[in-house]
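Down below is the structure, laid out as structure tokens.
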Amino acid sequence: MLLRYTFFRVLMLIPVSIAISVVIFMIVHLLPGDPIDNLIRVGSSPDDRTALIAKYGLDQPLFVQYFRWIGAMFQGDFGEAIVLRRPVADLIAQNLPYSLQLGALAFLFSSIVGITLGTISATTRSAWVEQIVRGFILIGSTVPGFWLALLMILFFAVQLQWFPVSGAKGWQSLVLPVLTIGVGGVALVARVTRVALLDVRKEDFVTLLHAKGLPSRTILTGHLMPHAMLPVVTILALRIGWILGGAVTVEFVFGRPGLGSLLIRALGQRDYPVVQGCLLMLALAVMLGTLIGDVAQAAMDPRVREAKT
Amino acid sequence: MGYAIKSKLLSGTALIAAGFISTAAWSQEATIAFASGELGATSYNPVTSSNLNSATSLIYDRLVEQDADQSYHPHLATSWEEAADGMSWTFHLKDGVTFHDGTAFNAQSVADWIPDFAETENAYLVGAVASVEVIDDLTVKFVMSRPEPNFLYNLSSSFMGVPGAAAYDSLGENFGVTDAVGTGPFKLESFAIGLETVLVRNDDYAWASDLSENQGAAHLERVTFREIPDQSTAFLELKTGGLDVLLGVPTDFLQILKAESNINVIQMPGTGINYMPINVTAAPFDDIKVREATALAINQEAIVSSIYNGVGAPAHNFLISSLPEADVSPELNVSFDVEKANALLDEAGWVKSDGPVRMKDGEALSVKLFTQNGTEFTALAQVIQAQLADIGMEAVITVFDSSTIRDEYKANRHQLAVRGYDWNNSDILDWFFSGERLGYPNVSMWKDEEGQRLNDVAMKDSKNSMERVANFKAYHEYVLSQHLFVPIYEPTTNIAYNAERVNVPDPVRGTRFRAQTVLDMTVVK
Amino acid sequence: MTSITGTAARALAGFGSTSIGRAFGSWLGKIAGGFLVLLLLTAIFAPWITPFDYAAQDLTNGNAPPGWPHLLGTDQFGRDVLSRVIYGARTSLSVSATAIAISITVGMTLGAAAGYIGGMFERAVMTVVDLTWSFPDILIALIFVAIIGPGLTSTTFAIAIAYLAQFTRLTRAQIVRLKRETFIEATVNLGAKPRHILLRHLLPNAITPVIVVGMLAIGDGIVLEATLGFFGLGAQPPTPSWGAMMSSGTAQLFLSPWVIIFPGVVVAVTVIAVNLFGDELIRALDIKDRIRGA
């Protein structure tokens, strides 16, 4: 049953991907302005502009341009950036590792700290501990990223000189950016963990385990946590898009390359092939995450499988 | 052990220790951060690239170099002659120059290089060149299809750094990406887009231009160029020693930098102007009196002392002051004169009302002021808004990003705009005011018969550089008389460096921070 | 930076499971509520309370430290920081509130339709909505701003889209759950039209949790507006917005830190207050159960 559900969902990816590619293409071409103005320079003549537009096929009707793009992609050619003048695949391949590095580590940080805090707040008997933990959880989500980044730099890099101010050299340069992004993600994970644990705690089988005389700790780690992890994993899988593209502000402040920064720069220059490529990558990652999340949910809840196949 | 032997051993050990310590502590390396306007370059191929950064000039040499006073200095070309009719140029090349891959630089290298420009976006740089003739190994002749008095200027541009022909052909698309071969004082070691470029010294370098004191190989062994988009972060890196040199420091940081004891700031004459173009097709600006009033309402001096903390100079016309064409008749220069501005508006029929805004025929004097995002321009727009309010004109600001704003210009939705340009040649007048470029870059939307005639004469009919200067000056003066824009500010280029780490020659030679300066840089012992 | 899903919103319910916790939380929540009311009043009565015109420049008095008469100092144009922070409240609160209101309206409609109609329609709507939630909200906002242009209108729509998913999911979950309740079946059997059922029975039950989650989303909206302001794409000058004040001040950080610190503190305190008050509401209205199951 699970296999059939998964198969069905994977099959759904195809029409959805195509629909998304159309949406992305439309969005990109809805943007006012065009890349040619970023190419021409003082000294060139007005005719050069028309020549360039023709060279890049920008005077063709939109659907012709779309099919050119999609057609090339099916042959493995992601196109060449108009302003940045490099194959799109190269540009993405150069920037992706940095985003993955940062994203994966931040994800790990949010998960570990979030699950810990969420578990504490769900299981503690002390009201004060609960309030303190709640305070920690709130901190991350109330301050804008660039603000936190700047404060981190000022304190840890300039004042204490423990870490470099910016750049991507060595593991030291990862610490502050990971903390900045990670702290923001803690709140969500903590809250989901908390409610998942509280829900599970009320189940009948837990009362049975208590009656059997098992110590609370064993119940927690052996039975409650595994059950609680599933909704947590579901939520986390859905945030894959964030891992790849959500670090824009942090990348900007810390001077690190990344998919988000590439997208923003290309967006500013209206470099269509790059923007399309990046958005498509992000969209595919997001759909993958949603797929994983749905499958995980289906694995947990048979009703979901039945309702949707 | 005998005293003599012991002392010899000790002194020997001391020498070795000293040698070890000094070489370890004194590594000839420097880290330089790019200015925010030159971030994101994706290739070091000068022929095909649409944007290049400062590191390019270290990898490739040019035939000639331009100094800040507009004079041209020999570099790969030792001397040159222009034919009297302007239809050919002959260059004599320096002997003994080699590319990074060992191949020789000679007339054939030039002949191989020029045709590479065909079909590229940079083709206009050699648009007037019909063919290149190799006269002998060290003499090359450019046969022109039309006179190009601006030829030396083009040759001194970063985009005309000379690439090694053999490598250029064999590397193809990867030239400037995975490897780059020029004759410059540094070789490309690694290039991570959006992050950093590492250059290592070319030990064979012996052909610097006379803009450098150092005529041999560079003192620095290794230079790392970093890309840091956020200005505050760049400043903090400089402060904590993560950077040695920061190019293009915004003026609001200058005060804090000067307060740091180990940081020095060099100010180079700038190569651009900040100004406010006026859309002459949009009422009320179709009335020249209103345009002139707007121009006179802007207090350049106050802007310089407040927003720019006294750094840089007020601009009174369209060109940077080092250009001879900027030397126009004094009465055409634009300066603050609020009484005359008010009088002109009265004359034009815009009268003071009970409210803060002037009225005419029931309409309020309210205009749109567009600008690009970026703290400098938004700050400038806000000050201008306040200064215009002083003459009873209400300016409503909208901030756009650079691509969207061009669309707005082309759709003719603007009235006033605050922007800047970075160019040190008078053909910028053609760029911004030619009737054939309406919308963008001709933000003033100006199309005028006399103006176009003067434009064409300056751009196409100038036979030599003296004529060119005279023609462009005439064009410039006409443009000024029509009040198509308001000049605001002539920025300086600010360079900050850590004086405890590196020495940077001051004043900086040339028009921008380029190879000639890096050649003279040393690490502080 | 973070968004709250229906599931996560449930997590807020039940904070303070012990009676002491309940009392303490409630007291804190009430203070938060009081602060928010104060903020709201300040924003509404801004023109009467601000000591200076927020746009009045005085170039000779730029970057003045806090003191008299400028209680929080001046920015680089000599404008009074206190007045700008007060007006900034107007901008930030109205943009966020409008955005979330739009988001709630559209979200509830979509969610109700999806939940009630079910089948492929529900599947399609939820896929699209899930995609908007999984996509980083800052990117959605930047793309939106690139298309429509900067300014408060696009900021509002960008925030609305970024948080649409929550309300859709919440409403749909409610509808799906309530659809199964017997009294609905009874009403259907009695011949009531779908619209009547939706409006009279289903929506009123769904609306309270939506409003509470909406409050919390306002907090996130303020943070997103600040980030957009940092990129210079939010409120147009000279209209003050907390985000723009924070970003324009980074250069001034060492010369005149008060320009960035005060707006930053105000944003943080406001968002914390919104969160605490939201908790209080959930507890007071005892709607934990309705928030779960989304």
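A few comments on the model shown:
- DSSP-assigned coil residues among trypsin sites (Lys or Arg not before Pro) in region A:192-247, each with at most 13 further Cβ atoms within 10 Å: A:Lys202
- Ordering of C:83-95, B:496-508 by burial proxy (mean other Cβ atoms within 10 Å per residue, highest first): C:83-95, B:496-508
- Ellipticity estimate at 222 nm from DSSP helix runs (n ≥ 4, -39,500 (n - 2.57)) divided over chain B, nearest 500: -8500 deg cm²/dmol
- Shape call, chain A: gyration tensor on alpha carbons, a/c limit 1.5: oblate
- If R0 equals 25 Å, the separation of the Cβ atoms of C:Met120 and A:Ile18 corresponds to a calculated FRET efficiency of about 0.90.
- Applying the Karplus relation 6.51 cos²θ - 1.76 cosθ + 1.60 with θ = phi - 60° to region C:46-54 yields 3J(HN,Hα) values of 3, x, 8, 8, 5, x, 10, 6, 5 Hz, where x marks Gly and Pro.
- The sum of -39500 (n - 2.57) across all DSSP H runs of n ≥ 4, divided by the residue count of chain A, sets its helix-only mean residue ellipticity at 222 nm to -24000 deg cm²/dmol.
- Scanning residues 5 or more positions from B:Val177 or on other chains, those with amide H under 5 Å from its amide H are B:Tyr44, with H placed 1.01 Å from N in the peptide plane.
- GNM remark for chain A: springs join alpha carbons under 10 Å apart, and the peak mean-square fluctuation among A:Leu263, A:Leu198, A:Leu148 falls on A:Leu198.
- For the segment C:235-245, counting C-beta atoms of other chains within 10 Å of every residue's C-beta and taking the mean gives 3.
- Inter-part distance where region A:98-170 and region C:51-74 are each reduced to a Cα centre, Å: 35
- Legend: calculated FRET efficiency, B:Glu331 to A:Ile27, from the Cβ-Cβ distance at R0 = 51 Å, rounded to 0.05, equals 0.45.
- Span-like helix criteria (full DSSP H runs; alpha carbon extent of at least 24 Å along the helix axis; mean Kyte-Doolittle hydropathy of at least -0.5) are satisfied in chain A by A:2-30, A:88-123, A:172-201, A:272-300.
- With 22 Å as the limit on Cα-Cα distance, the pairs of B:Lys289/B:Lys368; A:Lys202/C:Lys30; A:Lys55/B:Lys460; B:Lys289/B:Lys447; B:Lys289/B:Lys352; B:Lys368/B:Lys410 that go past it are A:Lys202/C:Lys30; A:Lys55/B:Lys460.
- Percent RCO, i.e. relative contact order, over chain B, from Cα pairs under 8 Å lying at least 6 residues apart: 20
- With R₀ fixed at 22 Å, the C-beta to C-beta distance from C:Thr127 to A:Gln60 puts the FRET efficiency at about 0.10.
- Per-residue shielding of B:48-54, expressed as the average number of other chain Cβ atoms within 10 Å of the residue Cβ, stands at 3.
- B:Lys352 sits among other residues whose Cβ lies under 10 Å from its own Cβ, and their net charge, with Lys and Arg +1 and Asp and Glu -1, is -1.
- Peptide C:125-136 has a mean of 6 when you count, residue by residue, the C-beta atoms of other protein chains within 10 Å of its C-beta.
Any read-out appearing in this document is the output of simple, stated calculations on the displayed coordinates, not a laboratory observation. Small disclaimer: the values here were computed from a predicted structure and weren't measured. Cβ sites come from the backbone with ideal geometry, for glycine too, and all protein chains shown count toward neighbours.
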